Amino acid sequence: MCGIVGYIGKSQAAPILLDGLSKLEYRGYDSAGIAVYDGEHIRGQKSIGRLKALSELTHDGATMPGTAGIGHTRWATHGAPSNENAHPHFNEDETIAVVHNGIIENYLKLKKKLAEKEYHFVSDTDTEVVAHLLDYYYKGNPIEAITKVMHRVEGSYALGIMFREHPGIVYAVRKDSPLIVGHGKDGNLIASDVPAVLKYTRNVYFIQNEEIAVLSEDSITFYNVDGEEIQKESSAIDWDINAAEKAGYEHFMLKEMYEQPKTVRDTLNPRIRDGAVVIEELGMTDEEISQIRKIHIVACGSAYHTGVTAKYVFEGMARIPVEVDLASEFRYRNPILQEQDLVIIISQSGETADSLAALREAKRKGVKTLGIVNVVGSSIAREADKVMYTWAGPEIAVATTKAYSAQLVAEYLLAIKFAQVRGEITETEVRAYLKDLQKLPEQIEMLLSNKERIQHFANRYVSARDVFFVGRGIDYAISMEGSLKLKEISYIHSEAYAAGELKHGTISLIEEGTLVAAVLTQEDLYKKTISNIVELTSRGAFVLAVTNAGNTEIEKAADYVIYIPQTNRWFTNSLAIIPLQLFSYYVSVGRGCDVDKPRNLAKSVTVE
Ligand code: G6P
């Protein structure tokens, strides 16, 4: 959701800005722009649509000479996608340029005040207010102007700023919207995410809330909101640069699906020792684990779906009551939290605005919080009392696959740990569970190797109008994710339903040939779901069943069957989701959709 890049150094800035922005395309955007200081003026260029249009407009940056600049990909919030609303935004005499991620919540009030002081606005954005406000406060000292603006604006922001009077410097500041600084060999960079700077450096600083970074060609200085200099430690990024590249795959999503065996292995292995689960980062004593009264799982999107699965696992295996909430609901429903509760926030990016707000709400109420997070150093990782990382590496495709799989296994590990400490399962059972978990990567590989069959099937459904996903228990959670994957990348309407609930309305939508994907991995529920399948096929539905190897009885009821290898009943999601991911992927490809960057969606939803 919006991307920021800034560069100051010995090289030409524009090509670096365009390259950096291309690494942030996955975040979702509908227009782009850059501003470069050309030795006399700060010149801007903007374009709606894809970044390619901006590259063409500027001849890959060649028409914008200069060694300092800022760039932006905008995902429209305030005002439609247009050249006027695209960033950078300027003050009236174009001596200050600003790029912004986040939302300035009091922008209307500020805009009114600035208008009274004869400031004129050319866009509908909240960001333009920042450019004029900087102008208003600027009396020769940029840090002073920036801190004054920070005191006036409410909401979230990551800002890249340039002042014509200070041409050798790029300023950056953030609050509740991610921003990093990269320390490169021939210059320094700012960016909303690590992939944008990886080509130039692996040495980064994570800017924290209300910190200001001042970058020149050969120095980086940090200040707090009071304008006092502060010291910060840099971190070395150990990702392989290929992790942020497609590496020969047609799409990031396909590549990331194929990375799932590794992701699952990397998330599991460091936490399994001598037949036991060791989660050092949990920092909870056995006594504390035994005393947990209730677990609240809070997340958005696919992360929420892993939470729904985890509810079944925690309750079934560890006998701990679990509530699962969408973060956007949890934060406003004044949840009842008690001292011995544990709030688990699940987030790939660690920056999702609602999940972060939910975490803060839990902390405000004095409850222990645990983040299950993929991005190291992200806001949720920093603010949660404890953090358990999923080792999925950078995920670029908007539709999550490998981070989802990593979240699932992190949650299984926690459930096993809690169940054992609370005496709900024996050591022998733990060993058996762990054995099954360790088989998952190979089983996922096997399912992926069967992709042609699913591709073939998907090709028949590229023109589907509606698709339904049904299941019971964990199979319902799997259905929710299967349905989300399909609709987000193929734009086909789809819904997930608890199979037993179909008769209360949804079945009226079934017509001759409607595709229904039925998930049946829970042995004790097979027969129940098979009855629902029969109800569906007798009304004309075409049923694709995803079920465990050996459940051949299904072939009498379903039209097309995909078998998943045997695993423990709690872990079936990790396998059943693979064919559903592949199905969505191939339908999306078949329809010619933008698989990695579906319309209207953003990878990291940093606004409410
Ligand atoms: C967006 C992404 C989803 C993701 C959700 C939550 O909608 O497109 O793939 O599941 O945000 O993101 P998080 O980073 O908190 O897991």
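The values are calculated or read from the model by the stated rules, or taken from the named source; none is laboratory data. Just so it is clear, the model here is predicted, and its values are computed rather than measured. Glycine gets a Cβ as well: all are built from the backbone with ideal geometry, and neighbour counts include every protein chain shown. Just so you know, the surface numbers come from the protein's heavy atoms only, side chains and all, with ligands and any DNA or RNA stripped out. Shrake-Rupley method; radii C 1.70, N 1.55, O 1.52, S 1.80 Å.
Out of Gly366, Gly350, which single residue is surrounded by 23 or more Cβ atoms within 10 Å (Cβ to Cβ), farther than 15 Å from Glu411 by Cα and either near the ligand (Cβ under 10 Å from one of its atoms) or more than 20 Å from the chain's Cα centre (by Cα) (or both)?
Values: Gly366 fails: surrounded by 23 or more Cβ atoms within 10 Å (Cβ to Cβ).
Result: Gly350 is the single residue among Gly366, Gly350 that is surrounded by 23 or more Cβ atoms within 10 Å (Cβ to Cβ), farther than 15 Å from Glu411 by Cα and either near the ligand (Cβ under 10 Å from one of its atoms) or more than 20 Å from the chain's Cα centre (by Cα) (or both).
Is there a residue being at pLDDT below 95, within 29 Å of Lys246 (Cβ to Cβ) and within 14 Å of the ligand (Cβ to nearest atom) anywhere in region 336-347?
Looking through region 336-347, none of the residues is at pLDDT below 95, within 29 Å of Lys246 (Cβ to Cβ) and within 14 Å of the ligand (Cβ to nearest atom).
Among the residues of region 268-283, which ones are farther than 18 Å from Ile425 by Cα and among the hydrophobic types (A, V, I, L, M, F, W, C)?
Leu268, Leu282 - these are the residues of region 268-283 that are farther than 18 Å from Ile425 by Cα and among the hydrophobic types (A, V, I, L, M, F, W, C).
Of everything in region 284-295, what is open to solvent by less than 40 Å² (accessible area, probe 1.4 Å) and either within 13 Å of the ligand (Cβ to nearest atom) or assigned to a helix (DSSP H, G or I) (or both)? Give them in sequence order.
Across region 284-295, the qualifying residue is only Ile289.
Here is a list of conditions, (1) within 26 Å of Gly482 (Cα to Cα); (2) away from the ligand (no atom under 13 Å from the Cβ); (3) open to solvent by 50 Å² or more (accessible area, probe 1.4 Å), and Val324 meets all of them except one; can you say which number that is?
Just one mismatch for Val324, condition (3).
For Ala299, indicate whether it is buried (at least 17 other Cβ atoms within 10 Å of the Cβ) and either within 16 Å of the ligand (Cβ to nearest atom) or hydroxyl-bearing (Ser, Thr, Tyr) (or both).
yes
Which one of these is basic (Lys, Arg) and over 20 Å from the mean Cα position of the chain (by Cα): Arg202, Arg174?
Arg202
Here is a yes/no grid of residues against (1) open to solvent by 10 Å² or more (accessible area, probe 1.4 Å); (2) part of a loop (DSSP other than H, G, I, E, B):
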{"site": "Ala158", "(1), (2)": "no, no"}
{"site": "Glu165", "(1), (2)": "yes, yes"}
{"site": "Ser177", "(1), (2)": "no, yes"}
{"site": "Lys185", "(1), (2)": "yes, yes"}
{"site": "Asp218", "(1), (2)": "yes, yes"}
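Quick check on this structure: which one of Ala86, Ala131, Ala97 is surrounded by 22 or more Cβ atoms within 10 Å (Cβ to Cβ) and under 27 Å from the mean Cα position of the chain (by Cα)?
Ala86
Collect the residues in region 582-604 that are surrounded by 22 or more Cβ atoms within 10 Å (Cβ to Cβ) and within 12 Å of the ligand (Cβ to nearest atom), keeping them in residue-number order.
Asp596, Lys597, Lys603, Ser604
For region 100-128, what are the residues that are in contact with a strand residue (DSSP E or B) (Cβ under 6 Å, 6 or more places away or on another chain) and open to solvent by less than 10 Å² (accessible area, probe 1.4 Å)?
Filtering region 100-128 down to residues in contact with a strand residue (DSSP E or B) (Cβ under 6 Å, 6 or more places away or on another chain) leaves 100-105, 126-128.
His100, Asn101, Ile104, Asp126, Thr127, Glu128, listed by residue number.
Can you tell me which residue among Val298, Val308 is outside any helix (DSSP H, G or I) and under 22 Å from Thr352 (Cα atoms)?
Values: Val308 fails: outside any helix (DSSP H, G or I).
Result of the check over Val298, Val308: Val298.
Go through (1) within 16 Å of the ligand (Cβ to nearest atom); (2) among the acidic types (Asp, Glu); (3) open to solvent by 60 Å² or more (accessible area, probe 1.4 Å); (4) touching a Phe, Trp or Tyr at 6+ places or on another chain (Cβ under 6 Å) and name the single condition Glu608 misses.
(4) is the only condition that Glu608 fails.
State which residue is nearest to the ligand (Cβ to nearest atom) when the search covers only region 399-424 and only residues that are assigned to a loop (DSSP other than H, G, I, E, B) and buried (at least 23 other Cβ atoms within 10 Å of the Cβ).
For region 399-424, the residue satisfying everything is Thr400.
Name the pairs whose Cβ atoms lie under 7 Å apart, with the first residue in region 293-312 and within 19 Å of Ala403 (Cβ to Cβ), the second within 10 Å of the ligand (Cβ to nearest atom) and among the aromatic types (Phe, Trp, Tyr), and 6 or more positions between them or separate chains?
Between residues of region 293-312 that are within 19 Å of Ala403 (Cβ to Cβ) and residues that are within 10 Å of the ligand (Cβ to nearest atom) and among the aromatic types (Phe, Trp, Tyr), the close pairs are Ser302/Tyr404; Thr306/Tyr404.
Please work out if Ser379 is crowded, with 22+ Cβ neighbours inside 10 Å, within 10 Å of the ligand (Cβ to nearest atom) and under 14 Å from the mean Cα position of the chain (by Cα).
Against the criterion (crowded, with 22+ Cβ neighbours inside 10 Å, within 10 Å of the ligand (Cβ to nearest atom) and under 14 Å from the mean Cα position of the chain (by Cα)), Ser379 does not qualify.
For region 1-82, list the strands (runs of 3 or more DSSP E) that sit wholly inside it and hold at least 2 residues that are free of Cβ contacts under 8 Å to residues at least 24 places away in the same chain; which are they? Talk me through it step by step, then tell me what you get.
Working: elements: 3-9, 31-37, 42-48, 68-74.
The qualifying strands (runs of 3 or more DSSP E) are 42-48.
Hey, can you tell me all the residues within region 460-485 that are open to solvent by 20 Å² or more (accessible area, probe 1.4 Å) and within 16 Å of the ligand (Cβ to nearest atom)?
Within region 460-485, Met480, Leu484 qualify.
Any chance region 115-128 includes a residue that's within 24 Å of Gly20 (Cβ to Cβ) and part of a helix (DSSP H, G or I)?
yes
Ile146 - would you say it is modelled with pLDDT of 95 or more, within 28 Å of the chain's Cα centre (by Cα), open to solvent by less than 10 Å² (accessible area, probe 1.4 Å) and in the same structural domain as Tyr107 (by TED's automatic domain parsing)? Break it down into steps so the answer makes sense when it comes.
Details: modelled with pLDDT of 95 or more: yes; within 28 Å of the chain's Cα centre (by Cα): no; open to solvent by less than 10 Å² (accessible area, probe 1.4 Å): yes; in the same structural domain as Tyr107 (by TED's automatic domain parsing): yes.
No.
When region 382-398 is examined, which residues are found to be within 11 Å of the ligand (Cβ to nearest atom) and touching an Asp or Glu at 6+ places or on another chain (Cβ under 7 Å)?
Listed by number, the residues that qualify are Glu395, Ala397, Val398.
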